[in-house]
């Protein structure tokens, strides 16, 4: 504010808003509909690559420093981003983060694309999917 005046403060607040919004949208994309299962002892399972959506699209992997391999980060949090691995057994996004980011901005379209994937991932485990309430992420 001292250097750029009120315009600098407005710019700073505006860019801060969009930076936080982008971070939250990416977090939403990475974890939508997924959760840790409860085992027979009533405890949550250990965090694995299955707790995050994975994506293996070259262009956005290069542009986002392997961020799409977020599932490897879940399993091995100390692994450097340059060597994050792709897991085929992890839930897979249907497109790269750029496409998914745009879809996340249009909730009806996002749910039309992603809810069937969440249901398929938890197929045969509806007790896990609906354990806390009747509906999760508007999945009927």
With the requirement that a residue be exposed (fewer than 13 other Cβ atoms within 10 Å of the Cβ) and part of a strand (DSSP E or B), what does the stretch 25-57 give you? 44
Within the stretch 1-24, tally of residues that are in a loop (DSSP other than H, G, I, E, B) and either in contact with a helix residue (DSSP H, G or I) (Cβ under 9 Å, 6 or more places away or on another chain) or under 30 Å from residue 75 (Cβ atoms) (or both): 3
I'd like to know if the stretch 113-131 contains one or more residues that are at pLDDT below 70 and either surrounded by 16 or more Cβ atoms within 10 Å (Cβ to Cβ) or within 13 Å of residue 56 (Cα to Cα) (or both). yes
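The values are calculated or read from the model by the stated rules, or taken from the named source; none is laboratory data. Treat the numbers as computed from the prediction; the structure is a model and nothing was measured. Glycine gets a Cβ as well: all are built from the backbone with ideal geometry, and neighbour counts include every protein chain shown.
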